[in-house]
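The values are calculated or read from the model by the stated rules, or taken from the named source; none is laboratory data. Keep in mind it's a predicted model, so treat the numbers as computed, not measured.
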Amino acid sequence: MVERAAVNRHVVGSSPARGANFFSMYTVYVLLSKSTGRFYTGQTSDLPRRLLEHQSGLARYTRNRGPWELVFSEEYATRAEAMTRERFFKSGKGRIFLKNLLVSRAGPPEAD
């Protein structure tokens, strides 16, 4: 399977400049529940609004499973591309890809 490169991939903790794009971008994102350790994958055209909905319990699936931490996001030019990538992350291969990516980002464990 050939993977397409994301238009803009974000590292957790980075903050892209506001207003840099004059057209709508679609973001695929992965949240980690701090209470259950489970992941939630979604896509949106307004990530800050959507994260607020997850944290405040307005999103049905994530209600009562938070607090949530954003661990991964990618931006795409079209909603169709974002939905395709979201579907990949929800597949077996996509879950393995995310697990490997997040483990490699965590780095070595700290010594006591």
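Return yes or no: is V12 outside any helix (DSSP H, G or I), modelled with pLDDT of 85 or more and of a type in the set (A, V, I, L, M)?
On the way: outside any helix (DSSP H, G or I): yes; modelled with pLDDT of 85 or more: no; of a type in the set (A, V, I, L, M): yes.
Answer is no for this residue.
Filter segment 71-92 for residues that are aliphatic (A, V, I, L, M) and farther than 20 Å from R105 by Cα and give the result. Walk me through how you get there before you give the answer.
If we filter segment 71-92 for residues that are aliphatic (A, V, I, L, M), which is where we start, we get 71, 77, 80, 82-83.
A77, A80, A82, M83, listed by residue number.
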